[in-house]
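Contents: one structure, followed by commentary.
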Amino acid sequence: MNKSELSFYFKNGSVLALESGEKRERIEGVSITGAIIDECSDQLPGLYELSVFPALSQIDDSWCWRVGVPKSNGVGGQDFKEACEKYLALSEYDDQFAYVHWTYANKEFRKIMRMTLDEKGFREQALGKWASYAGGCYYAFADDNIMTEEYRIDSTLPILFGFDFNVDWYSIVVAQYKDEMFFVFDEIRLSNSNTRAALDVLVAKYGGMARQFIAYGDAASRQRQTSADISDYLIIEAEKRIPMKVIFPRSNPSVIYRIERVNSFLKTADHMIRLMVAPRCRFLIKDLHSVTWKEGERTQDKKNLELTHMSDALGYMLVSHEEHYGQNRVVLMRESDIQAEVARRSQEGYSVSLKQHDYPMGQQLITPKSSILQHR
């Protein structure tokens, strides 16, 4: 066994090697007897046709297993789907040449997946059926997601701001997470604006209404500047009129993944609703009704400049909150537990930022795998 090469060498001369699908050159120009390509929906398109197949074609009776789950939002999802459809057709004529076999998640696992995935995600991940992403992006949104009573802000809970940093339209959703649900009770939409002007509006409307405020956005806004000289997140972090905490991902998930997660909050496969929107949020509601997929592509149609901004802000907030706090729950830790947790997570490669701040009940928030900016 050669650990540095991730290879096993056998006495009969055979070699078993593990290779990355991102480093195709390692299998190009060689002859191989067999291959197993795992997680095909996440492999770059053309891996089999351009790299693996030529290596197999030089040896008689060579073989290849292409393994994975239907995942339309994967980088190679469409490529894997087309391959399955082709092999399924071929298997009807010669099952020795091509064979397609699907397995399904067991009953208990499917039950858990129903509670966390939207309907399309459940069909793919649990039932092994390809989903279509044509038409409206937020297909799970319905009248059941619109509040029938005015939301009353709970001053003991943080107020959450989801930002989409644009000059036109500068968009913010305002929400609270309570009883395992998100309640979006307001939206801010500004024309020809910037982050400093947006903070003036937020402070005027919500200053003093909560002991903590959390701002979420996308990874690109670490460098984006809608306000002259410094990045948007540094502007928010420097805000001293309200206790503001800023959380953003190190890298953005795919557009399809973000939209899938919004749909899963709107309604899961077992019809659980975890996201409510106030009727006053008319731009967000318009987005959820009107944003569609770009024809032939796995991204939103942005021809209408009035759309996508508010729903993007919502998606950034939901995905970041879910990622950083785990399964949608904010985990508050006692001061006595914090130092031990910091040491443990640092050893495991997590990025942990601790800065003194007045949190509810004198507690600190520990956030794994995140980049945190926070007002001192």
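None of the figures in this text is laboratory data; all of them are computed from the coordinates on show. Just so it is clear, the structure is predicted and the values come from calculations on it, not from any experiment. Please note: Cβ atoms are built from the backbone with ideal geometry, for glycine as well, and neighbour counts cover all protein chains shown.
Just so you know, the averaged projected area of the alpha carbon convex hull for the range 7-91 sits at 6.0 nm².
Kindly state, to the nearest 0.05, the FRET efficiency for ASP61 paired with LYS23, given R0 = 22 Å and r defined as their beta-carbon distance. Approximately 0.25, to the nearest 0.05. Spin-label model, GLU39 to LEU234: label points 7 Å out along the Cα-to-beta-carbon direction sit 3.5 nm apart. Between rounded, prolate and oblate, where does the range 143-330 land on the alpha carbon gyration tensor, with a ≥ b ≥ c its root eigenvalues, rounded for a/c under 1.5, else prolate if a/b exceeds b/c? Here the range 143-330 falls in the rounded category. Computed from the C-beta positions of VAL167 and MET1 and an R0 of 56 Å, the FRET efficiency is 0.45 to the nearest 0.05. Put in line by how crowded their Cβ is, counting other Cβ atoms within 10 Å and starting with the fewest, SER251, SER20 read SER251, SER20. The string of couplings for the range 266-279 from the Karplus curve (6.51, -1.76, 1.60, θ = phi - 60°) is 5, 6, 7, 5, 9, 6, 8, 9, 10, 9, 10, 10, 6, x Hz, one whole number per residue in order, with x for Gly and Pro. Rounded to 0.05, the FRET efficiency of the LEU16 and ASP270 pair, given R0 = 41 Å and the Cβ-Cβ distance, is 0.45.
Among the trypsin sites (Lys or Arg not before Pro) in the range 258-311, those placed in a DSSP loop whose Cβ has at most 15 other Cβ atoms within 10 Å are ARG280, LYS294, LYS302, LYS303.
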